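Structure, as structure tokens:
The values are calculated or read from the model by the stated rules, or taken from the named source; none is laboratory data. What you see is a predicted model, and the numbers here were worked out from it, not measured in a lab. FYI the Cβ positions are ideal-geometry reconstructions off the backbone, even for glycines, and counts take in every protein chain you see.
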Amino acid sequence: MLLYYLLQERFLFVASPLQVKHTFELASDFEEIFLEGSEKGTIHALLIKAKESQGLILYFHGNTGNMQRWARVAEELTTYDHDVLVVDYRGFGKSHGRRTQQTLYDDAQRIYEHALNYCSEMELVVYGRSLGSGLAVKVASDNNPSKLVLETPFSNMIDVAFYRYPFLPIRYLLRFPFRSDRFIGKVTCPIRIFHGTRDRMVPYKSGLKLYELIAEGVDHNMVTLPRARHSNLADFPLFREKMSEFLDS
């Protein structure tokens with residue numbers, strides 16, 4: 001029990017650092033960004049340009065790797081005619097600083113405010129994937145973006161951790177609960193949730209639980225992808241069809 005408490009960051013944030021001098025190779029034009037975060041942290045992000053842009057997607061990625069991987073994933077989203085601003089969390093890639101739930105929330109707000117240098121809120125889409133859904137929901141609840149996209153989201157991290165470690169008193173051990181279930185009801189913009197029924201990382205029922213907490217009157221829909229797992233949703237035509245439909249609306 002004590003071991004889990006001490007090592008939970010290693011389980012939750014499977015981060016890979018990058019040297020500051022590391023260079024990225026993308027087919028699209030991009031801009032590298034460094035911002036000052038709270039408590040002397042550094043936030044690293046890439047702004048990846050679409051050939052024809054009708055808005056900007058602020059992309060909060062999953063819990064593994066670094067910008068080397070996620071820049072390519074983000075670049076694929078430019079095919080929906082949106083620029084993409086993708087950010088690495090503290091300890092990932094070139095971002096660094098003391099990592100707590102609050103510093104991550106603060107960084108998410110900081111990068112949201114920076115995104116408004118490139119577009120208006122009416123053109124800004126907040127997108128959270130897996131772990132990143134916890135940050136996306138929080139920042140969308142505190143601001144007024146045009147849309148919120150959640151890919152394989154959880155209702156809270158307690159649910160996910162209990163699914164993996166049912167023998168531990170997770171509620172009392174977890175320092176990063178990411179209570180999206182407490183914030184999603186405050187989001188007023190249109191919301192789309194994408195989740196696969198064969199997801200073994202974040203159970204489908206956790207995403208469904210979050211969906212059911214969305215406020216009445218908010219434009220929302222949950223796109224269920226039968227047979228989709230945690231990391232292959234973009235391979236399904238239904239995902240691409242519904243994503244394009246939502247972003248074009």
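Quick notes
- Residue identified as in a strand (DSSP E or B), over 17 Å from Glu151 (Cα atoms) and of a type in the set (Gly, Ala, Ser) among Ala45, Ala50: Ala45
- Filtering region 181-222 to residues that are closer than 15 Å to Lys242 by Cβ and touching a residue at least 40 places away in the same chain (Cβ under 8 Å) leaves Pro190, Ile191, Arg192, Ile193, Phe194, His195, Gly196, Gly207.
- Residues located in region 113-167, provided they are under 24 Å from Glu36 (Cβ atoms), among the aliphatic types (A, V, I, L, M) and within 17 Å of the chain's Cα centre (by Cα): Ala115, Leu124, Val126, Leu131, Leu135, Ala136, Val139, Ala140
- Single match in Tyr127, Tyr80, Tyr112, Tyr89 (criterion: farther than 11 Å from Ile57 by Cα and buried (at least 17 other Cβ atoms within 10 Å of the Cβ)): Tyr89
- Residue in region 152-164 that is more than 23 Å from Arg69 (Cβ to Cβ) and in contact with an Asp or Glu (Cβ under 7 Å, 6 or more places away or on another chain) present: yes
- The single condition among (1) outside any loop (DSSP other than H, G, I, E, B); (2) over 16 Å from Ala15 (Cβ atoms); (3) at pLDDT 95 or above that Val87 does not meet is (2).
- Counting only helices (runs of 4 or more DSSP H) that sit wholly inside region 134-249, those with at least 1 residues that are buried (at least 22 other Cβ atoms within 10 Å of the Cβ) are 157-164, 180-183, 204-211.
- Every residue from region 110-133 that is touching a residue at least 60 places away in the same chain (Cβ under 8 Å) and assigned to a helix (DSSP H, G or I): Arg110, Ile111, His114, Glu123, Leu131, Gly132, Ser133
- Residue ID - nearest to Pro190 (Cα to Cα), chosen from residues in region 232-249 that are modelled with pLDDT of 95 or more and of a type in the set (Gly, Ala, Ser): Ser244
- Given (1) without any contact (Cβ under 8 Å) to a residue 60 or more places away in the chain; (2) crowded, with 22+ Cβ neighbours inside 10 Å; (3) of a type in the set (Gly, Ala, Ser), index of the condition Ala45 fails: (1)
- Inside region 6-27, residues that are surrounded by fewer than 18 Cβ atoms within 10 Å (Cβ to Cβ) and small (Gly, Ala, Ser) make up a count of 2.
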